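Beneath this line is the structure, given in structure tokens, with notes to follow.
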Amino acid sequence: MKIDVLTLFPEMFAPLKMSIIGRAEKKGIVEINAINIRDYSTDKHMKCDDLPYGGGAGMVMTPQPIVDCVRAVDPENKAKRIYMSPKGRTLSVDIAKELAKEENLLFLCGHYEGVDERALEICGFEDLSIGDYVLTGGELASMVVIDALLRFLPGVLGSDASALDESFSEGLLEYPQYTRPVVFEGLEVPDVLLSGHHANIDKWRREQAQELTLRKRPDIIKNDN
Ligand code: ADE
């Protein structure tokens with residue numbers, strides 16, 4: 001998969017070079033490019049923002065650098081184009097899985113008061129939100145989306161099964177996990193997990209997941225659980 005992120009702050013994407021996502025890139029499963037929109041400005045001072053028509057607070061990102069940058073990065077219009085914005089559908093595990101099926105993704109990160117609407121229209125961007133709050137820019141939001149979707153690409157996690165086992169995948173939160181030592185500050189690992197009896201362990205985990213979900217997130221329960 002190839003992911004291009006258009007931003008005025010490409011240095012913000014350093015975290016994607018680390019840990020699991022960084023390893024996925026080294027393995028060649030994904031290529032992530034943070035592209036500086038400013039490099040495409042034809043303004044003599046490389047300006048990328050201006051005052052909003054009609055007045056109001058803040059600055060708006062001008063359309064020219066964005067449209068030229070999109071055309072340079074995705075000349076054949078192959079990528080699914082996503083504009084990070086609180087106006088969009090809210091990210092969910094289903095949307096993350098859907099995006100993981102794409103070959104090419106192009107994210108646009110807005111800053112300041114937003115982006116000139118014509119840039120969004122011309123390039124055919126779809127809005128995507130990560131929740132009902134407003135961030136200072138789309139950079140952190142796009143990293144959340146990229147992290148959430150890459151976990152569904154084969155080879156990104158240690159085993160392909162792990163993303164499916166986890167919270168939300170089956171409409172249930174994940175069961176509690178334990179590792180060594182058996183006793184820590186007086187608290188013991190549940191006996192069943194030490195028993196080696198896989199059917200009992202599976203049953204215990206399913207019951208725990210159901211109980212936890214009912215208690216903490218009854219809103220996500222699906223009927224077949
Ligand atoms: N940009 C600013 N706020 C955002 C949000 N909640 N989701 C996605 N992009 C954003």
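Rundown of residues vs (1) in contact with a Leu (Cβ under 6 Å, 6 or more places away or on another chain); (2) closer than 30 Å to residue 170 by Cα, yes/no style:
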| position | (1), (2) |
| --- | --- |
| 70 | no, no |
| 75 | no, no |
| 81 | yes, yes |
| 90 | no, yes |
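Given the conditions (1) within 16 Å of the ligand (Cβ to nearest atom); (2) on the phi > 0 side of the Ramachandran plot, and given that residue 143 satisfies all but one, which numbered condition is not satisfied?
Of everything listed in (1) within 16 Å of the ligand (Cβ to nearest atom); (2) on the phi > 0 side of the Ramachandran plot, residue 143 misses just condition (2).
If the requirement is being closer than 29 Å to residue 68 by Cβ, buried (at least 16 other Cβ atoms within 10 Å of the Cβ) and either of a type outside the set (Asp, Glu) or within 16 Å of the ligand (Cβ to nearest atom) (or both), which of these qualifies: 150, 172? First the steps, then the outcome.
Details: 172 fails: closer than 29 Å to residue 68 by Cβ.
None of the other options fit; the residue is 150.
Would you be able to tell me the number of residues in segment 45-66 that are closer than 28 Å to residue 105 by Cβ, among the aliphatic types (A, V, I, L, M) and surrounded by fewer than 18 Cβ atoms within 10 Å (Cβ to Cβ)?
Counting residues in segment 45-66 that are closer than 28 Å to residue 105 by Cβ, among the aliphatic types (A, V, I, L, M) and surrounded by fewer than 18 Cβ atoms within 10 Å (Cβ to Cβ) gives 2.
Would you confirm, using the coordinates I've provided, whether residue 145 is under 30 Å from residue 9 (Cβ atoms), buried (at least 16 other Cβ atoms within 10 Å of the Cβ) and not assigned by TED's automatic domain parsing to the domain that holds residue 114? Let's see the steps before the verdict.
On the way: under 30 Å from residue 9 (Cβ atoms): yes; buried (at least 16 other Cβ atoms within 10 Å of the Cβ): yes; not assigned by TED's automatic domain parsing to the domain that holds residue 114: no.
Judged against the criteria, residue 145 is not a match.
Six or more apart or on different chains, Cβ atoms under 6 Å: show the pairs whose first residue is in segment 50-65 and touching a residue at least 12 places away in the same chain (Cβ under 8 Å) and whose second is surrounded by fewer than 17 Cβ atoms within 10 Å (Cβ to Cβ) and of a type in the set (Lys, Arg).
If the second residue must be surrounded by fewer than 17 Cβ atoms within 10 Å (Cβ to Cβ) and of a type in the set (Lys, Arg), the pairs left are 63/118.
If you scan segment 95-124, which residues turn out to be closer than 13 Å to residue 70 by Cα and within 12 Å of the ligand (Cβ to nearest atom)?
Across segment 95-124, the qualifying residues are 107, 108, 109.
Within segment 67-173, considering only helices (runs of 4 or more DSSP H) that don't extend past its boundaries, which have at least 3 residues that are within 19 Å of residue 48 (Cα to Cα) and at pLDDT 95 or above?
Correct list: 117-123.
Do the conditions hold for residue 85, that is, is it near the ligand (Cβ under 9 Å from one of its atoms), over 21 Å from residue 39 (Cα atoms) and in the same structural domain as residue 25 (by TED's automatic domain parsing)?
On the way: near the ligand (Cβ under 9 Å from one of its atoms): yes; over 21 Å from residue 39 (Cα atoms): yes; in the same structural domain as residue 25 (by TED's automatic domain parsing): yes.
Taking the combined requirement at face value, the residue satisfies it.
When you go through (1) exposed (fewer than 14 other Cβ atoms within 10 Å of the Cβ); (2) in contact with a helix residue (DSSP H, G or I) (Cβ under 9 Å, 6 or more places away or on another chain) one by one for residue 139, which number turns out not to apply?
(1)
Going by the conditions given, is residue 182 exposed (fewer than 14 other Cβ atoms within 10 Å of the Cβ), touching a helix residue (DSSP H, G or I) at 6+ places or on another chain (Cβ under 9 Å) and outside the structural domain of residue 6 (by TED's automatic domain parsing)? Talk me through it step by step, then tell me what you get.
Numbers: exposed (fewer than 14 other Cβ atoms within 10 Å of the Cβ): yes; touching a helix residue (DSSP H, G or I) at 6+ places or on another chain (Cβ under 9 Å): yes; outside the structural domain of residue 6 (by TED's automatic domain parsing): yes.
Criteria met by residue 182.
The values are calculated or read from the model by the stated rules, or taken from the named source; none is laboratory data. This one's a predicted model, so the numbers in the text were calculated from it and none came from an experiment. Glycine gets a Cβ as well: all are built from the backbone with ideal geometry, and neighbour counts include every protein chain shown.
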